[in-house]
Amino acid sequence: MTGKAKPKKHTAKEIAAKIDAATTSRGGGKAGLTDRTGQIKGGHAKFECPHCKITAPDVKSMQIHHDARHPKIPFDESAIVDLHAAHTSENAKIKPGVRGSYKKSD
């Protein structure tokens, strides 16, 4: 025989995972739009394809995209647009990863 159907208590690990999911930006919606497009320094989309304007975080990803989507055009690393260099201003400071909350933790 099994015991009564008692509700499980929340573990510290489960609560910490819920807090992490609630306070960490996953980059979706309007809040993550600038991060996805790479329009500000600190955005993850650093490079832009000169042919179709799709963005990628690094040169290797851009080369994989180029080989898959533009096989007839030879890959030229110097033709890739660096969005971080194009949108850098003197007052812009390097922003860390998107993490945080307005909720105060004690």
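Yes or no: A85 part of a loop (DSSP other than H, G, I, E, B) and modelled with pLDDT under 90?
no
Condition first: open to solvent by 80 Å² or more (accessible area, probe 1.4 Å) and under 17 Å from the mean Cα position of the chain (by Cα). Now tell me which residues in segment 58-81 satisfy that.
The one that is open to solvent by 80 Å² or more (accessible area, probe 1.4 Å) and under 17 Å from the mean Cα position of the chain (by Cα): K60.
Against the condition modelled with pLDDT of 85 or more, among the acidic types (D, E) and surrounded by fewer than 10 Cβ atoms within 10 Å (Cβ to Cβ), how does D106 come out, does it pass?
Against the criterion (modelled with pLDDT of 85 or more, among the acidic types (D, E) and surrounded by fewer than 10 Cβ atoms within 10 Å (Cβ to Cβ)), D106 does not qualify.
Counting only residues that are at pLDDT 85 or above, give me the helices (runs of 4 or more DSSP H) lying completely in segment 1-82 with at least 2 of them.
12-23, 59-69
The values are calculated or read from the model by the stated rules, or taken from the named source; none is laboratory data. Given the structure is predicted, the values throughout are model-derived calculations rather than measurements. Note that we place each Cβ from the backbone using ideal geometry, even for glycine, and neighbour counts take in every protein chain shown. Remember, those area values only see protein heavy atoms, side chains included, never the ligands or the DNA or RNA. Shrake-Rupley method; radii C 1.70, N 1.55, O 1.52, S 1.80 Å.
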